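Notes for the one structure printed next.
Derivation of every value follows stated rules applied to the coordinates shown; laboratory data play no part. All values reported here derive from a predicted model rather than from experimental measurement. Backbone-built Cβ (ideal geometry, glycine too); neighbour counts: all protein chains shown.
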Amino acid sequence: MTLNKYYIFAAIAGLMVLLIVAAMPLGGTNWPEILACFAALFAGGWLGRQLFAEGKSQLEQIENLKNDYKNQQDKASKCIRENKDLRLQVQLLKRQKRNTEAVVYSISDAVIVTDANDRLLMANEPAGVLLGFDAKEAILKPLEELVMKKELVKLIANSRTSRIRHVKHELQFEAGDNTLTCNCIISSILDDDNEVCGAVTVLHDITREKEISQMKNDFVSHVSHELKTPLASITAYSEMLVDDEATDEKTRKEFYSIIQGQAQRLNRLIEDILSISRIESGLVKVNREPVSTALIVRDAVEMIKSYAAEKDITVEDQTAVVFDQVNADKDMISQVVINLLSNAVKYTPKGGKVSVNSEVDESQQVVRVTVTDTGVGIPSEDLSCVFDKFYRVKANSKYAKGTGLGLSLVKQIVEKVHGGRVFVTSEVGKGSSFGFELPLAAAEKTLVK
Amino acid sequence: MGNKKVLVIDDEIHIVQVVAMKLRNNGFEVVTADNGSDAYTLCCEEKPDIIIADYQMPGLTGIELIEKIRGTPGIENIPVIILTARGFAIDDEQREKLNIAEFLSKPFSPKELLAHVENVLQSSAVS
């Protein structure tokens, strides 16, 4: 607006000059007027020039201001863009953190994350349980205060300073009454400057694996021992025959029959091992049909009588005649009853008594077969293990030979194949009661309906 | 070598029989037992020249039996051959401590067992 004013002044000054010049021819030459006119003209020009210069500089200022404003606007929108990016990045980081936490918290291995000063940054629940601290409340506490196992604290500090991935096998941890064995892997975390800023420690519990491996070793060692025993007789007697050490026909016949008997023993052993293995792996062919346990028991008692008679043991079948059909594989259940009966005879001293009973329990809808003996009994600490493969009651091993497979087979057949249940009660010096329950065929039919 | 007395201990009756027969056929006198406790009593009574024992037996195990014999004056120096179906049941240190002359694994050859018995008796006679 001010600029326009200057232009108006300049225009008025110009107009005045024109009027003076126009008035000049009318009178005589009036120099003072002319001078005044020039002065006015000059002043008008100067003023105009001044006004123009001022206007121009103001225009420039305005232009600069405009540019500044635009720059500021650009900067502001850039900032807004950057801010938006940052917010996205923060969101992304938060999500990544949550992902990491979800990964760490859902791992069944114990995982702990520590910083450059060995303070706890993150720990999942298994870590808290294994190392004995509350994973939620322990954050930022020094590891040394939290972890009792000093060997682990040292390992983490060492691997952090040496910057290498550290693997330590079979670290032992006391957890309550149990000793747990863990494999430990420690990895360093590096920052942008390649400096160690923390460590991730993973502890993988291998206690069960070790137990299984031990069981496998025991199994192999036990099986080989059991197989070698009859094989030793077969080898020795064959060699004697080949070397003509058996001089008369009677001795030779005796040797042949020993070899035959031991070969059969070897075969039975292999069959037992295979049966268990087949049942365990679910490969066994089961031929289920309605059968009466009372009849199976009666047949089994007949089969065992001659063996019992050798030890002057009476076997009594107390089974009442009732309708007790179960859906079962007859041969398998026979094997179960025979195994229980022969065990009872085996661990009962001369002149003792073995009784067997098969009864229907209407309330439970099961048939229960119980074999009771007046034998040596089983110490209470062994009772829970007697059905385990190759388990033999140490205190009783002097009474009889065995592979520790018989009861294991009984359990597998009853529980795994027929969905029943085995049980045992015993008192040292008085005797034992072994038995099993199978669902009544009638009960199974109702269930299916 | 005749008339040397051998004590054979194994809970497998067939093994005892075959070892006894092989030894008797070759001029040895043989006494037998089927468990560690009986073997110890027999050892004290008969004072055999050499013992062949199973490793795993009901009652006293082969190792427990030898420990007991080594601690009994009069029979503490009888050479022992262990016959076992377990290949890795004993370490060298224990073997040396119990002064076990030979460790044979089952299945075994009666011929080889006889050779070992003769060897052990010979070397114990020299020393």
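Over the alpha carbons of the stretch A:210-281, what is the largest minus smallest coordinate on each principal axis, giving the biggest first in Å?
That works out to 54, 22, 12 Å along the principal axes.
What is the dipole size for chain A, taken about its Cα centre, with +1 at each Lys and Arg Cβ and -1 at each Asp and Glu Cβ, in debye to the nearest 20?
1440 debye
Any idea which of B:ILE81, B:HIS116, B:LEU60 is furthest toward the positive side of the dipole for chain B, if Lys and Arg beta-carbons carry +1 and Asp and Glu beta-carbons -1?
B:HIS116
Near the amide H of A:LEU121, under 5 Å away, which other amide H atoms are found, from residues 5 or more places off or on another chain, if H is placed in the peptide plane?
Hits under the 5 Å cutoff: A:VAL113, A:THR114, A:ASP115, A:LEU140.
Per-residue Cβ counts within 10 Å, from other chains only, averaged over B:13-22: what number is that?
For peptide B:13-22, the averaged partner shielding equals 5.
Using only Cα atoms and rounding to the nearest 10 degrees, what angle (0 to 90) does helix A:330-346 make with the longest principal axis of chain A?
The angle comes out at about 70 degrees.
Hey, in the GNM for chain A with a 10 angstrom Cα cutoff, which one of A:LYS168, A:LYS94, A:LYS154 fluctuates hardest?
It is A:LYS94.
To the nearest whole number, what is the average tally of beta carbon atoms from other chains within 10 Å of the beta carbons of peptide A:219-231?
Mean partner-chain Cβ count within 10 Å for A:219-231: 3.
Cut-off 10 angstrom, C-alpha nodes, Gaussian network model of chain A. Which of A:VAL321, A:VAL414, A:VAL111 fluctuates the most?
Taking springs between Cα atoms under 10 Å, the residue moving most is A:VAL321.
Of all DSSP beta bridges in chain A, what percent run antiparallel (nearest 5)?
Numbers: 55 of 59 bridges.
Taking every DSSP beta bridge with both residues in chain A, the antiparallel ones total about 95 percent.
For the stretch A:210-281: lysine pairs with Cα atoms under 28 Å, gap of 8 or more or different chains, count?
Values: A:LYS210/A:LYS228; A:LYS216/A:LYS228; A:LYS228/A:LYS250; A:LYS228/A:LYS253.
Step by step, the pairs that qualify in the stretch A:210-281 add up to 4.
Specify the inter-centroid distance of the stretch A:125-170 and the stretch A:275-330, based on alpha-carbon positions, in whole Å.
57 Å
Mind checking the mean number of beta-carbon atoms from other chains within 10 Å of the Cβ atoms in A:357-369?
Whole-number average of other-chain Cβ neighbours for A:357-369 is 0.
Of all beta bridges DSSP finds with both residues in the stretch A:278-357, what is the antiparallel percent, to the nearest 5? Before the final figure, lay out the partial values.
On the way: 5 of 9 bridges.
Taking every DSSP beta bridge with both residues in the stretch A:278-357, the antiparallel ones total about 55 percent.
Could you tell me which residue out of A:ALA232, A:SER277, A:VAL220 lies farthest along the dipole of the stretch A:210-281 toward its positive end? Charges go on the beta carbon: Lys and Arg +1, Asp and Glu -1, centred on the Cα centre.
Farthest along the dipole direction, towards plus: A:SER277.
Say the dipole of chain A comes from +1 at the beta carbon of Lys and Arg and -1 at that of Asp and Glu; which of A:THR207, A:VAL345, A:CYS385 then lies farthest toward its positive end?
A:THR207
Roughly how many Å is it from the Cα centre of the stretch B:40-83 to that of the stretch A:218-267, as a whole number?
25 Å
Which of rounded, prolate or oblate describes the stretch A:288-448 when judged by the alpha-carbon gyration tensor and an a/c cut-off of 1.5?
In terms of gyration-tensor shape, prolate.
Taking a ≥ b ≥ c as the square roots of the eigenvalues of the Cα gyration tensor of chain B, is the shape rounded (a/c under 1.5), prolate (a/b larger than b/c) or oblate?
Here chain B falls in the rounded category.
What number, rounded to the nearest 500 deg cm²/dmol, is the helix-based mean residue ellipticity at 222 nm of chain A, given -39500 (n - 2.57) per DSSP H run of at least four residues and division by all its residues?
Helix contribution divided over all residues of chain A: -19000 deg cm²/dmol.
Would you mind classifying the stretch A:237-334 by shape? Square roots of the alpha carbon gyration tensor eigenvalues, ordered a ≥ b ≥ c; an a/c under 1.5 is rounded, otherwise it is prolate if a/b is larger than b/c and oblate if not.
Judged from the Cα gyration tensor, the stretch A:237-334 comes out oblate (a/c at least 1.5, b/c at or above a/b).
Once amide H atoms are placed 1.01 Å from N in the peptide plane, what residues at a sequence separation of 5 or more from B:SER105, or on another chain, have their amide H within under 5 Å of its amide H?
B:THR84
Working only with C-alpha atoms, what are the Rg and Dmax values of the protein assembly as shown, expressed in angstrom?
Answer for the protein assembly as shown, Rg first and Dmax second: 50.4, 187 Å.
Take each of the peptides B:64-75, B:15-26, average the number of other beta-carbon atoms within 10 Å over its residues, and list them starting from the highest.
Details: B:64-75: 15.9, B:15-26: 19.9.
The densest-packed peptide leads the list: B:15-26, B:64-75.
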